[in-house]
1. Considering (1) out of contact with any strand residue (DSSP E or B) (no Cβ under 8 Å at 6 or more places or on another chain); (2) within 19 Å of residue 66 (Cα to Cα); (3) surrounded by fewer than 16 Cβ atoms within 10 Å (Cβ to Cβ), say which one residue 347 fails and leave the rest.
2. Which of the helices (runs of 4 or more DSSP H) found entirely inside segment 360-452 contain at least 2 residues meeting this: out of contact with any strand residue (DSSP E or B) (no Cβ under 7 Å at 6 or more places or on another chain), assigned by TED's automatic domain parsing to the domain that holds residue 70 and without any contact (Cβ under 8 Å) to a residue 24 or more places away in the chain?
3. State whether one or more residues within segment 99-110 are part of a helix (DSSP H, G or I), on the phi < 0 side of the Ramachandran plot, within 16 Å of ligand 2 (Cβ to nearest atom) and surrounded by 20 or more Cβ atoms within 10 Å (Cβ to Cβ).
4. For segment 296-316, how many residues meet the condition of being in contact with a helix residue (DSSP H, G or I) (Cβ under 9 Å, 6 or more places away or on another chain), away from ligand 1 (no atom under 16 Å from the Cβ) and closer than 18 Å to residue 63 by Cβ?
5. Find the residue count for segment 82-93, including only residues that are within 24 Å of residue 40 (Cα to Cα) and touching a strand residue (DSSP E or B) at 6+ places or on another chain (Cβ under 8 Å).
6. Return the total of residues in segment 68-84 being more than 10 Å from ligand 2 (Cβ to nearest atom), touching a helix residue (DSSP H, G or I) at 6+ places or on another chain (Cβ under 9 Å) and outside any strand (DSSP E or B).
7. Count, please, the residues in segment 121-165 that happen to be surrounded by fewer than 16 Cβ atoms within 10 Å (Cβ to Cβ) and not in a strand (DSSP E or B).
8. Looking only at segment 33-67, which residues are within 14 Å of residue 18 (Cβ to Cβ) and within 7 Å of ligand 1 (Cβ to nearest atom)?
Ligand SMILES: Nc1ncnc2c1ncn2[C@@H]1O[C@H](COP(=O)(O)OP(=O)(O)O)[C@@H](O)[C@H]1O
Ligand SMILES: [Mg+2]
């Protein structure tokens, strides 16, 4: 009897704590739908965030920033991410924690400058040579992996592209084949392939293309089959960040910096000046436009007076992203000073901020959020396990309740069950304590220790 080896390559799944958030969940009038786009409750803050999104879209936010204030686990980070989702994929979003500006390799102002420039997009229009048409035929040739014989990998593809007037058959190599598979290109899709870089882009599904398969729910828009030749010049719009351009220019300036940049080196100020000039010229020539993105700084009270004045100045400058700060501190000292100030921030900065409060959730809201997270993490909960988590969420914090789900899932699995029971939750809670318990534990320990 032969031995059967089952190869199961575990696919690492990155489930970010906020992966369930798709947007702000507002209706056309800007009113919050109780549960929508992955968000639950927090109605006023969501509606306020919706107004912010409109101000950003209408270019009416210059010189101002946003500050989310509220206790831990009330959705400050979640709302900042929802704003980014509303603004669309083209809008750069950079997240930073206030403590991340302190590093031994880089100056604070350099870290902030880089973050600001990553959060500023430049939309550039350029002419590229492309092959564009509807996919009439797609054949993928696969062969065995040279080192892992039981694995079959795609090697090349033959693809027939057609317009209403022309037809071209292309043979493309491994990399383009991978892209075709990854994007899931099928017959009937209208696509273009950049002749130079090989980048593949799906425009949509061809209208009236008789060979295309149609499903009840279409996730791709229907488009016309293009006219003219398959190979042609096309105007393509792409968005780079100022930081991308900084890297590009510094790399061109010297070969050395090409190899060291991105490790720990700083970008020379001349490179940034050159990029600014270049971008201004493109804007004057109507070849490019600025797309202000979002720079989100969580735990903003961790920044010091120098960083705050730097940010204030940045808000005033010609090119500035939208700056969103979040904090859970009330009246505290501004770091680097003895001055006590609201949220540990200088008044001249506070003057520029629109402040949005977030409030703690009630049991029903916590239940909804836990259900959404369980679904997102593909975790099944018995009814009383869900209620136990709700209770924990109310007593301790929403975040702790959400975090207990994964250990509880493993405990359940170890006991041969796929659904989490209330016992699994209680066991997980014994093994992993929440912050107030961990502090209490250390305090008791200290007291004992001192008595000896
Ligand atoms: N209103 C909400 N709807 C859905 N999920 C939420 C909501 N508020 C918070 N969450 C989720 O709960 C967890 C904790 O919220 P988070 O945004 O990190 O809180 P904060 O930043 O205020 O400490 C995260 O996983 C977050 O995505
Ligand atoms: Mg947060």
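1. (1)
2. Those helices (runs of 4 or more DSSP H) do not exist here; none qualify.
3. Looking for residues that are part of a helix (DSSP H, G or I), on the phi < 0 side of the Ramachandran plot, within 16 Å of ligand 2 (Cβ to nearest atom) and surrounded by 20 or more Cβ atoms within 10 Å (Cβ to Cβ), one finds none in segment 99-110, hence no.
4. At the first step, the residues of segment 296-316 found to be in contact with a helix residue (DSSP H, G or I) (Cβ under 9 Å, 6 or more places away or on another chain) are 296-304, 306-312, 314-315.
Filter again for away from ligand 1 (no atom under 16 Å from the Cβ), leaving 303-304, 306-312, 314-315.
Narrowing further to those that are closer than 18 Å to residue 63 by Cβ: 308-312, 314-315.
Number of matching residues: 7.
5. Taking segment 82-93 and keeping what is within 24 Å of residue 40 (Cα to Cα), we get 82-89, 93.
Applying the additional criterion that residues be touching a strand residue (DSSP E or B) at 6+ places or on another chain (Cβ under 8 Å) yields 82-84, 87, 93.
Summing the residues that are within 24 Å of residue 40 (Cα to Cα) and touching a strand residue (DSSP E or B) at 6+ places or on another chain (Cβ under 8 Å) in segment 82-93 gives 5.
6. So the count comes out to 2.
7. Final tally of qualifying residues: 9.
8. Result: 38, 39, 40, 42.
The values are calculated or read from the model by the stated rules, or taken from the named source; none is laboratory data. Fair warning: this is a prediction, and the values are worked out from it, not measured in the lab. Every residue, glycine among them, receives a Cβ derived from its backbone with ideal geometry; neighbour counts consider all protein chains shown.
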